[in-house]
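Notes to accompany the following structure.
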Amino acid sequence: MKGVRAKKHLGQHFLKDENIAKKIVESLSGHKEYQKLLEIGPGTGVLSNFLIEKAEYDLLFMDVDQESIDYLQNQYPAYKDKIIKEDFLRIDLGHYYQDSFGIIGNFPYNISSQIFFKVLEYRHQIPEVVGMIQKEVAERIAAKEGNKTYGILSVLLQAFYDVEYLFSVPPHVFNPPPKVTSAVLRL
């Protein structure tokens, strides 16, 4: 992971366990509703490696960190034009996608709820999302009606998606380790 320092202000915690990265990528359902896939916050490329190997999607990688962009463009020169510096929360996704696309990523925990609200804005174009987020947020999103953690994000996402809590991820598989356990969700 040389070349990219985790930046606290960006909420970066780089996944370093390749088995978990592979499991996350394999969590994509293989929907044939879309051929384009956006990875949000690829960081050091641990998910990107497996996405590129899979080779079944037209990939786009989006990060706000210039250090990550430079690193990834150096690591994957064939994808140089597909690795872009953009803020997912601020861009018009219609600029990049006119039809359906999926989303995957190890989402920065400090903006994961906002990412899901943006997904809702584009729900007619996004049939699937696989994302790693803070465990408590994942449990809240996946909570069923009547559960005390069931809230606005649960209601809205479950109105348009089947939400699946897939698995938990311990802190020690990240650099630096977060102070919380993570979890992977599939919408």
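The values are calculated or read from the model by the stated rules, or taken from the named source; none is laboratory data. It should be emphasised that the depicted structure is a prediction, and the values quoted were computed from it without experimental measurement. For neighbour counting, all protein chains shown are included, and Cβ atoms are generated from backbone atoms with ideal geometry for every residue, glycine included. We work out accessible area using only protein heavy atoms, side chains counted, and drop any ligands, DNA or RNA first. Shrake-Rupley method; radii C 1.70, N 1.55, O 1.52, S 1.80 Å.
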Q | Flag if F88 is assigned to a helix (DSSP H, G or I), crowded, with 20+ Cβ neighbours inside 10 Å and among the hydrophobic types (A, V, I, L, M, F, W, C) | A | no
Q: Could you grab me the full set of residues in segment 159-187 that are of a type in the set (D, E, K, R) and either surrounded by fewer than 14 Cβ atoms within 10 Å (Cβ to Cβ) or touching a helix residue (DSSP H, G or I) at 6+ places or on another chain (Cβ under 8 Å) (or both)?
A: D162, E164, K179
Q) Within the set of pairs 6 or more residues apart or between chains, which connect a residue that is within 18 Å of G131 (Cα to Cα) inside segment 168-182 to a residue that is of a type in the set (G, A, S) and surrounded by 12 or more Cβ atoms within 10 Å (Cβ to Cβ) with Cβ atoms less than 6 Å apart? A) S168/A183; V169/S182; T181/S168
Q.
Restricting to segment 129-158, give me the number of residues that are open to solvent by less than 10 Å² (accessible area, probe 1.4 Å) and without any contact (Cβ under 8 Å) to a residue 60 or more places away in the chain.
A. 7
Q | Those residues of segment 135-180 which are assigned to a strand (DSSP E or B), more than 24 Å from E33 (Cα to Cα) and at pLDDT 95 or above, in sequence order | A | F167, S168, V169
Q: Tell me, yes or no, whether segment 106-113 has at least one residue that is open to solvent by less than 40 Å² (accessible area, probe 1.4 Å) and either of a type in the set (A, V, I, L, M) or over 29 Å from S154 (Cα atoms) (or both).
A: no
Q.
With among the aliphatic types (A, V, I, L, M), at pLDDT 95 or above and either within 16 Å of L47 (Cα to Cα) or under 15 Å from the mean Cα position of the chain (by Cα) (or both) as the only criterion, which of I83, I111 stands out?
A. I83
(Q) Please go through segment 19-49 and give me each residue that is open to solvent by 20 Å² or more (accessible area, probe 1.4 Å) and assigned to a loop (DSSP other than H, G, I, E, B), ordered by number. (A) S29, G30, H31, K32, E33, Q35, G41
Q.
Being open to solvent by 10 Å² or more (accessible area, probe 1.4 Å), touching a helix residue (DSSP H, G or I) at 6+ places or on another chain (Cβ under 8 Å) and over 22 Å from I152 (Cβ atoms) is the requirement here; does Y122 meet it?
A. no
**Q.** Top-ranked residue of segment 31-57 - restricted to ones that are farther than 26 Å from S113 by Cβ and not hydrophobic (A, V, I, L, M, F, W, C), ranked as modelled with the lowest pLDDT
**A.** K32
